[in-house]
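All remarks here apply to the structure that follows.
The values are calculated or read from the model by the stated rules, or taken from the named source; none is laboratory data. Just so it is clear, the structure is predicted and the values come from calculations on it, not from any experiment. Here the Cβ positions follow ideal geometry from the backbone for every residue, glycine too, while neighbour counts run over all protein chains shown. These area figures cover heavy atoms from the full protein model, side chains too; ligands, DNA and RNA do not enter into them. Shrake-Rupley method; radii C 1.70, N 1.55, O 1.52, S 1.80 Å.
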Amino acid sequence: MIKISIIEDNVFARTAWETALSAVEDFVVLESFGSCEDALESESIKKSDIILLDIGLPGISGIKGAELLSGMNGNALIIMITVQDDDKSIFGSLQAGAIGYLHKSVSPEE
């Protein structure tokens, strides 16, 4: 079972990710959060295999969040989710510990 945590400030996008991922047999969404601040206070992050993390969050940004979350759970794979395609944000995320990114327009099949 692959344990997933989601950090996304848009409730509609967060719900869509939860629904799509929960439909996959080997996936379980442990918890979802509206901010890095909430995620950093949760024990679920320490149990996650994958963390889906929005780059453009209010408060602690996704890029800074990737760095902090990597420190909490060095085994989790962090995948950024974003509407941005600029190289600076993507590169900054990779430097902070993310392994890649998904564009928010990606379909559930992809």
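Some points to look at:
- Solvent exposure of the chain amounts to 54 Å² per residue of accessible area, where only protein heavy atoms count and the probe is 1.4 Å.
- Relative contact order [Cα under 8 Å, 6+ residues apart], the chain, whole percent: 24 percent
- Fraction of accessible area attributable to carbon and sulfur, region 12-110 (%, probe 1.4 Å): 54 percent
- Estimated from helical segments only, the mean residue ellipticity of the chain at 222 nm is -10000 deg cm²/dmol, where each DSSP H run of four or more residues counts as -39500 (n - 2.57).
- Placing R0 at 25 angstrom, the Cβ-Cβ distance between SER42 and ALA20 gives a FRET efficiency of 0.70 after rounding to 0.05.
- Extension gain (nm, one decimal) between LYS88 and VAL28, 0.36 nm per residue minus Cα-Cα: 18.4 nm
- Alpha carbon centroid spacing (whole Å) that separates region 51-103 from region 5-21: 15 Å
- Compared with the direct C-alpha span, the chain from MET72 to PHE12 gains 18.9 nm at full extension, assuming 0.36 nm per residue.
- Most positive-pole-ward Cα, PHE27, ILE63, THR82, against dipole of region 1-82 from beta carbon charges: ILE63
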